[in-house]
Amino acid sequence: APAVKNFTLNFTITNLQFTADLEKPNSRRFKSTEKVMYHYIDPLLQKSSIGPHFSGCKVTGFRSGKSRDDTKVDAVCSYKDNASLARFDRAELYQELSTMTNNVTKLGHYSLDRNSLHVDG
(Lines give C-alpha, C1' and ligand atoms only; values in the text may rest on other atoms or scores of the structure.)
Protein backbone atom coordinates (compact mmCIF):
# COMPACT_ATOMS: atom_id res chain seq x y z
CA ALA A 1 0.00 0.00 0.00
CA PRO A 2 1.23 3.53 -0.71
CA ALA A 3 2.75 5.34 2.23
CA VAL A 4 0.85 8.31 3.61
CA LYS A 5 3.06 11.39 3.69
CA ASN A 6 2.36 14.66 5.47
CA PHE A 7 3.25 18.24 4.69
CA THR A 8 2.52 21.45 6.51
CA LEU A 9 0.48 24.32 5.17
CA ASN A 10 0.66 27.73 6.84
CA PHE A 11 -0.90 31.04 5.89
CA THR A 12 -2.23 34.19 7.51
CA ILE A 13 -5.78 35.50 7.14
CA THR A 14 -5.85 39.30 7.45
CA ASN A 15 -9.59 39.71 8.00
CA LEU A 16 -10.26 37.11 10.66
CA GLN A 17 -9.92 38.62 14.10
CA PHE A 18 -7.89 36.42 16.41
CA THR A 19 -9.56 35.69 19.74
CA ALA A 20 -8.49 33.50 22.65
CA ASP A 21 -11.15 30.88 21.87
CA LEU A 22 -9.42 30.18 18.54
CA GLU A 23 -6.58 28.69 20.58
CA LYS A 24 -8.89 26.12 22.16
CA PRO A 25 -9.50 23.14 19.83
CA ASN A 26 -12.76 22.26 21.59
CA SER A 27 -14.25 25.76 21.49
CA ARG A 28 -17.20 26.42 19.21
CA ARG A 29 -15.27 29.14 17.35
CA PHE A 30 -12.27 26.87 16.70
CA LYS A 31 -14.53 24.11 15.36
CA SER A 32 -16.56 26.40 13.10
CA THR A 33 -13.45 28.18 11.75
CA GLU A 34 -11.77 24.80 11.22
CA LYS A 35 -14.79 23.62 9.16
CA VAL A 36 -14.61 26.73 6.99
CA MET A 37 -10.87 26.15 6.41
CA TYR A 38 -11.56 22.59 5.19
CA HIS A 39 -14.31 23.93 2.95
CA TYR A 40 -11.77 26.21 1.24
CA ILE A 41 -8.48 24.32 1.48
CA ASP A 42 -9.51 20.78 0.51
CA PRO A 43 -11.00 21.69 -2.91
CA LEU A 44 -7.84 23.67 -3.80
CA LEU A 45 -5.60 20.72 -3.00
CA GLN A 46 -7.95 18.37 -4.87
CA LYS A 47 -7.51 20.59 -7.96
CA SER A 48 -3.72 20.71 -7.57
CA SER A 49 -1.09 18.36 -8.98
CA ILE A 50 -1.34 16.16 -5.86
CA GLY A 51 -5.15 16.09 -6.16
CA PRO A 52 -5.64 12.41 -7.00
CA HIS A 53 -3.35 11.47 -4.09
CA PHE A 54 -4.57 14.08 -1.61
CA SER A 55 -6.19 12.60 1.48
CA GLY A 56 -7.06 15.66 3.57
CA CYS A 57 -5.84 18.32 5.95
CA LYS A 58 -6.07 18.74 9.68
CA VAL A 59 -5.96 22.23 11.19
CA THR A 60 -3.40 21.98 13.98
CA GLY A 61 -3.94 25.48 15.29
CA PHE A 62 -4.76 29.14 14.92
CA ARG A 63 -2.32 31.75 16.18
CA SER A 64 -2.36 35.48 16.62
CA GLY A 65 -0.84 37.44 13.72
CA LYS A 66 0.90 40.83 13.53
CA SER A 67 -2.27 42.85 14.03
CA ARG A 68 -5.37 41.83 15.93
CA ASP A 69 -7.23 41.22 12.67
CA ASP A 70 -4.65 38.65 11.57
CA THR A 71 -4.99 34.97 12.32
CA LYS A 72 -2.29 32.50 11.35
CA VAL A 73 -3.51 29.08 10.26
CA ASP A 74 -1.42 25.95 10.70
CA ALA A 75 -2.45 22.71 9.05
CA VAL A 76 -0.97 19.31 8.34
CA CYS A 77 -2.09 17.79 5.04
CA SER A 78 -1.64 14.24 3.79
CA TYR A 79 -1.29 12.49 0.49
CA LYS A 80 -0.64 8.94 -0.59
CA ASP A 81 2.85 8.63 -1.99
CA ASN A 82 2.80 6.15 -4.84
CA ALA A 83 4.43 5.53 -8.19
CA SER A 84 1.92 7.59 -10.19
CA LEU A 85 2.84 10.70 -8.20
CA ALA A 86 6.12 11.77 -9.80
CA ARG A 87 7.29 13.31 -6.55
CA PHE A 88 5.98 15.79 -4.05
CA ASP A 89 7.16 19.15 -5.32
CA ARG A 90 6.51 21.81 -2.71
CA ALA A 91 7.59 24.64 -5.05
CA GLU A 92 5.11 23.48 -7.69
CA LEU A 93 2.35 23.08 -5.11
CA TYR A 94 3.13 26.53 -3.71
CA GLN A 95 2.85 27.97 -7.25
CA GLU A 96 -0.49 26.23 -7.84
CA LEU A 97 -1.94 27.36 -4.52
CA SER A 98 -0.63 30.86 -5.13
CA THR A 99 -2.43 30.97 -8.49
CA MET A 100 -5.64 29.49 -7.07
CA THR A 101 -5.71 32.08 -4.26
CA ASN A 102 -5.23 35.02 -6.61
CA ASN A 103 -1.52 35.42 -5.79
CA VAL A 104 -2.09 34.55 -2.13
CA THR A 105 -4.65 37.30 -1.56
CA LYS A 106 -8.02 35.47 -1.45
CA LEU A 107 -9.36 32.30 0.14
CA GLY A 108 -13.13 32.34 -0.24
CA HIS A 109 -14.33 35.44 1.61
CA TYR A 110 -11.04 35.76 3.48
CA SER A 111 -8.11 37.99 2.59
CA LEU A 112 -4.63 36.53 2.86
CA ASP A 113 -1.28 38.06 3.68
CA ARG A 114 0.46 37.57 0.36
CA ASN A 115 3.79 36.74 2.04
CA SER A 116 2.34 34.22 4.45
CA LEU A 117 1.85 31.03 2.41
CA HIS A 118 4.28 28.25 3.28
CA VAL A 119 4.10 24.73 1.91
CA ASP A 120 6.11 22.23 3.93
CA GLY A 121 8.41 24.87 5.27
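When both region 105-119 and region 1-52 are represented by their alpha-carbon centers, they are found 12 Å apart. Please check: in the Gaussian network model of the chain (C-alpha springs, under 10 Å), which one of 15, 103, 82 has the largest mean-square fluctuation. Comparing 15, 103, 82 in the GNM, the peak value goes to 82. Dividing the alpha-carbon radius of gyration of region 10-121 by the rule-of-thumb value 2.2 N^0.38 Å gives 1.06. Axis of helix 28-47 versus longest Cα principal axis of the chain: the two differ by about 30°, to the nearest ten degrees. With the simple model of a label 7 Å out from the Cα in the direction of the Cβ, residue 76 to residue 5 spans 1.7 nm. The C-alpha atoms of the chain define a longest principal axis, and helix 90-100 lies at about 60 degrees to it. Computed over protein heavy atoms with a 1.4 Å probe, the accessible surface of region 3-120 works out to 55 Å² per residue. With unit charges on the beta carbon (Lys/Arg positive, Asp/Glu negative), name the residue among 25, 12, 40 whose Cα is farthest towards the positive pole of the charge dipole of the chain. Looking along the dipole axis, the top candidate is 25.
The values are calculated or read from the model by the stated rules, or taken from the named source; none is laboratory data. As the structure is a computational prediction, the values presented were derived from the model and not from experiment. All Cβ positions, even for glycine, are placed from backbone atoms using ideal geometry, and neighbour counts span all protein chains on display. Just so you know, the surface numbers come from the protein's heavy atoms only, side chains and all, with ligands and any DNA or RNA stripped out. Shrake-Rupley method; radii C 1.70, N 1.55, O 1.52, S 1.80 Å.
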